[in-house]
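What follows is a short report on a single structure.
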């Protein structure tokens, strides 16, 4: 998880942009998903065997890479499950308080136990899935941060408009008087039947609801981007995640 924090802190310090951060994270996800070793060895097994294999992992699976992805997913889970009141930072603070020098460190199940204290229902299952099994990673948790990961060969729907970081429309395809316009601020967008999207927006300080046709595409690669259908709460979690903060 140190590599996860390295990327987040570098972004927060201004060393690279939001798009560079997301691209870097998606590259780590792609590396993990392309690993053949990940299909036969758990992260726990790789961590125990790493010093017999050069110190970075086993074959094409680095515990740095999978640990980074797990850090991201746990952060997404904790922030989403607590309405932003907890994050992965809280786990590290607990670890430092209980296990830092002059204490001898943590035992095999101590991190799992601390996570269970933070969120007892789901977190232990997630820990076992991601650390102690070769099961599919729960990338659906990224929705908690207002993110969407596209997977190669999978079909997705997206709006026919583009927005900036404030969700103000900057470009529109096939716009019209009753559709989304440049300058509108998107409040929410909800996909429904027949690839239509119900959009709530503000136009000249007036709330409006319009239904527009989306466009469907098949992903050609792994890509991590803002989810165009994120809720207001998920957008807030996204901003907090980027800033490394939680609500007061």
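The values are calculated or read from the model by the stated rules, or taken from the named source; none is laboratory data. Remember, it's a predicted structure, so these values are computed and weren't measured experimentally. Neighbour counts run over all protein chains shown; Cβ positions are idealised from the backbone, glycine included.
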> For residues in the range 28-45 being touching a strand residue (DSSP E or B) at 6+ places or on another chain (Cβ under 9 Å) and without any contact (Cβ under 8 Å) to a residue 60 or more places away in the chain, which is surrounded by the most Cβ atoms within 10 Å (Cβ to Cβ)?
Replying inline: 35
> Looking at 86, 49, 36, which is the one that is touching a helix residue (DSSP H, G or I) at 6+ places or on another chain (Cβ under 7 Å) and assigned by TED's automatic domain parsing to the domain that holds residue 145?
Replying inline: 86
> In the range 41-86, how many residues are within 22 Å of the chain's Cα centre (by Cα) and in a loop (DSSP other than H, G, I, E, B)?
Replying inline: 6
> So which strands (runs of 3 or more DSSP E) are wholly in the range 145-192 and hold at least 3 residues that are without any contact (Cβ under 8 Å) to a residue 40 or more places away in the chain and surrounded by fewer than 18 Cβ atoms within 10 Å (Cβ to Cβ)?
Replying inline: 185-191
> Within the bounds of the range 25-37, is there any residue that is under 17 Å from the mean Cα position of the chain (by Cα), closer than 17 Å to residue 142 by Cα, part of a loop (DSSP other than H, G, I, E, B) and at pLDDT 95 or above?
Replying inline: no
> Taking the range 200-248 as the search range and keeping residues that are in the same structural domain as residue 167 (by TED's automatic domain parsing) and within 12 Å of residue 167 (Cβ to Cβ), which one is surrounded by the most Cβ atoms within 10 Å (Cβ to Cβ)?
Replying inline: 201
>> Anything in the range 46-62 that is in contact with a strand residue (DSSP E or B) (Cβ under 9 Å, 6 or more places away or on another chain) and surrounded by fewer than 17 Cβ atoms within 10 Å (Cβ to Cβ)? List them, or say none.
In response: 47, 49, 52, 56
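Conditions (1) closer than 24 Å to residue 239 by Cα; (2) modelled with pLDDT of 95 or more, marked per residue:
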{"position": "135", "(1), (2)": "no, yes"}
{"position": "142", "(1), (2)": "yes, yes"}
{"position": "149", "(1), (2)": "yes, yes"}
{"position": "157", "(1), (2)": "yes, yes"}
{"position": "162", "(1), (2)": "yes, no"}
{"position": "173", "(1), (2)": "no, no"}
